[in-house]
1. Within a 10 angstrom radius of the beta carbon, how do Val54, Val76 rank from fewest other beta carbons to most?
2. Which entries of Lys13/Lys187; Lys51/Lys79; Lys51/Lys80; Lys97/Lys211 show an alpha-carbon separation above 26 angstrom in the structure shown?
3. Quick check: residue separation of Asp41 and Phe29 times 0.36 nm, minus the Cα distance between them. What number comes out in nm?
4. Could you give the length gained by full extension between Asn208 and Thr67, i.e. 0.36 nm per residue of separation minus their alpha carbon distance, to one decimal place?
5. Testing the spin-label approximation: label points 7 Å from Cα along Cα→Cβ at Ser184 and Cys57. State their distance in nm.
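Every number in this text was worked out from the coordinates using simple rules, so none of it is lab data. Everything quoted here is computed from the prediction, not taken from an experiment. Note that we place each Cβ from the backbone using ideal geometry, even for glycine, and neighbour counts take in every protein chain shown.
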Amino acid sequence: MGTRSTNFLNALKSDQILDFYDLNSNFQFKVSNYLNSWKVDQELPHVLFYKLDVLDCPTITVSIKITEFLEVEVFVRSKKVEDSYIESFVGSDCILKYWKQLENLLNFFGSDTVPSPKHNADFYISEAFSNLYECLENLSVEDEVKNLKGKLKFLTNQIGLLKRNVYSSYTIQMAYSIYLCSSSCYKEIENLGCLTIPTENELLRLINQTKAKLKH
């Protein structure tokens, strides 16, 4: 086995969350960059990351609950986020397996850079999906080409909203490092689904966006 393959396997092993005890004991070190904006409750049998809005009546705006079985549940403004959505972060069983997955959850649901409530996580999850379904239902084979193109463009924009901030900067850096070492290896990892990483095309798009921002 080559040095690069060995290094990757070691990095993957280091990123694994072994069990609930490992999570409970080491999260302060593993995701320390996010703890300034999240509060944590370690009452057994779960770990709860949550954010408070204290402008008026103190309210929990978003919470990420991880059970003793490493099952993940997310609530946004008291509404449970569908498991099918959480699967895009942690896999089809909603079981947390890697620290990078936890980083992505904290990064996405903790984003408060845009003050407008329509840019909060609940907008991406609820309104965007609602708009997608409504637009799909209204698509018709009788539509003029111009109208059809307009609706498809709207769908593309909505899907783009849903993808925004899913991947933390650390995950993108890790993914790009793997890609630079071996694009074929990256494709294999992507196909296996053993890491929460962008598709190859999505990764290159994110990298190009970052480069463009740095130029300005």
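1. Arranged by neighbour count, lowest to highest, Val54, Val76 become Val54, Val76.
2. In this structure, Lys97/Lys211 exceed 26 Å between Cα atoms.
3. 2.7 nm
4. 47.0 nm
5. Taking the simple label geometry, Ser184 and Cys57 are separated by 6.2 nm.
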